[in-house]
Amino acid sequence: MFRAGLGPLLGKRLLLLHHVGRVSGSDRRVVLEVVAHEAPYRSWTVASGFGPRADWYRNLRAQPKTVVQYGNRHHAVTARFLTSDEGAEIMTHYGRRHPRTARRLCAYLGLPADGTESALREAGRTIPFVRLETDTCPPDTPN
């Protein structure tokens with residue numbers, strides 16, 4: 001749908017991540033769920049549900065500067081790999097906004113899936129999170 005220019009129909013929960021294969025050097029793309037979006041800073045946080053062994057995650061580790069497509073717009077970004085404490089905080093907020101999805105994700109990953117804050121925090125410490133940040137300042141912030 002992104003290639004057909006229909007990205008906006010997917011809402012604000014998905015983005016298309018362009019990345020380069022760390023071994024092949026080939027262009028790769030993957031659709032990821034946006035766990036958190038900070039519009040003024042033009043940053044998106046995504047999670048690697050398959051852990052640090054996911055190809056897109058490993059490719060970003062090798063080459064963190066890349067491009068995302070959010071809706072119909074492309075943004076040059078740099079990947080910042082979040083700490084387990086930051087991940088715990090993000091997962092707690094995500095679980096509050098999307099309780100059923102968070103429980104299903106935890107169950108799928110074999111993590112405690114009762115939806116409690118402590119279970120969400122523990123899941124967030126386990127799941128690798130990446131913040132994709134643009135190099136631009138928010139509109140009202142001087143450079």
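The values are calculated or read from the model by the stated rules, or taken from the named source; none is laboratory data. Being a predicted model, the structure only gives us computed values, none of them experimental. Here the Cβ is made from the backbone with ideal geometry for all residues, glycine too, and neighbour counts use every protein chain on show. Protein only, heavy atoms only, side chains kept; ligands, DNA and RNA dropped before computing areas. Shrake-Rupley method; radii C 1.70, N 1.55, O 1.52, S 1.80 Å.
Points worth noting:
- Translational D in µm²/s for the chain (Stokes-Einstein at 4 °C, 1.567 mPa s, Kirkwood Rh from C-alpha pairs): 82
- Between Ser26 and Thr126, the FRET efficiency from the beta-carbon distance, with R0 = 30 Å, is close to 0.50.
- MRE, 222 nm, helices only [DSSP H, n ≥ 4, -39500 (n - 2.57), over the chain, to nearest 500]: -9000 deg cm²/dmol
- Neighbourhood charge, 12 Å Cβ-Cβ cut-off, centred on Ser84 and excluding it, Lys, Arg +1 and Asp, Glu -1: -2
- The phi torsions of region 105-111, fed into the Karplus equation with coefficients 6.51, -1.76 and 1.60 and a -60° offset, translate into couplings of 4, 4, 4, 4, 7, x, 9 Hz, rounded to whole numbers, with Gly and Pro shown as x.
- Note on Ala76 and His98: the model spin-label points, each 7 Å out from Cα along the C-beta direction, lie 2.9 nm apart.
- Carbon/sulfur fraction of accessible area - the chain, other protein chains in place, 1.4 Å, %: 53
- When all alpha carbon pairs of region 34-75 are counted in 5 Å bins from zero, the resulting P(r) reads 6, 17, 25, 28, 18, 6, 0 %.
- For Leu14, distant residues with modelled amide H under 5 Å away: Val34
- With both labels modelled 7 Å from their Cα along Cα-to-Cβ, the Arg61 to Glu117 distance reads 3.2 nm.
- Tyr57, Tyr41, reordered so the largest accessible area comes first (probe 1.4 Å): Tyr41, Tyr57
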